[in-house]
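Below is the structure I would like to discuss, written out as structure tokens.
Laboratory data are not the source of any read-out in this text; all were calculated from the coordinates shown. Note that this is a predicted model, so its numbers are computed, not measured. Don't worry about glycine lacking a Cβ; one is built from the backbone with ideal geometry, like all the others, and counts go over all protein chains shown.
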Amino acid sequence: MPKYTYLCEHCNQTCQKFVSDRAVHVECPRCGNNMLFQMPTLSGKAEVRETVDQHTGVKWQEDQQKIVSDRKREYFWSVEVPRMVNSGVYSIETMLENRWVYYDEKGNLVTRTAPPEAE
């Protein structure tokens, strides 16, 4: 049986009890009234940082757009570029032009996993 937290509206008594998930009413040990089931708090207060309210212009962080664009760029270079290089669809010339691949000092063709400016 799961452990649930209950609150009495009448006397503000809080208690935790192991009860069946089918139990509808739990009686308050102090005053005898019905207690209300309380939803659990999982990890405290959570702040959402990626939602930008376009109607009011409110942002959660000043540099939120930069954070999202950096994340997209990192994903593109670490996941999408190796996928496109390994797909066999693009020619060597196209991959070299887009700087997805380069030749190292030994003459081996290497796929980039980070933006060229980061290296």
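HN-Hα J couplings of the range 29-36 from phi, Karplus 6.51/-1.76/1.60, θ = phi - 60°, integer Hz, Gly and Pro as x?
For the range 29-36, the Karplus-derived couplings read x, 8, 10, x, 6, 6, 9, 9 Hz, x marking Gly and Pro.
Once phi is turned into ³J(HN,Hα) by the Karplus curve 6.51 cos²θ - 1.76 cosθ + 1.60 with θ = phi - 60°, what whole-Hz value does each residue of the range 65-73 show in order, with x for glycine and proline?
With the stated coefficients, the range 65-73 comes to 4, 5, 4, 5, 5, 5, 5, 5, 5 Hz.
Sort PHE18, PHE76 so that the residue with the fewest other Cβ atoms within 10 Å of its own Cβ comes first and the one with the most comes last. Can you show the working numbers first?
Numbers: PHE18 8, PHE76 12.
By the 10 Å Cβ count, ascending, the order reads PHE18, PHE76.
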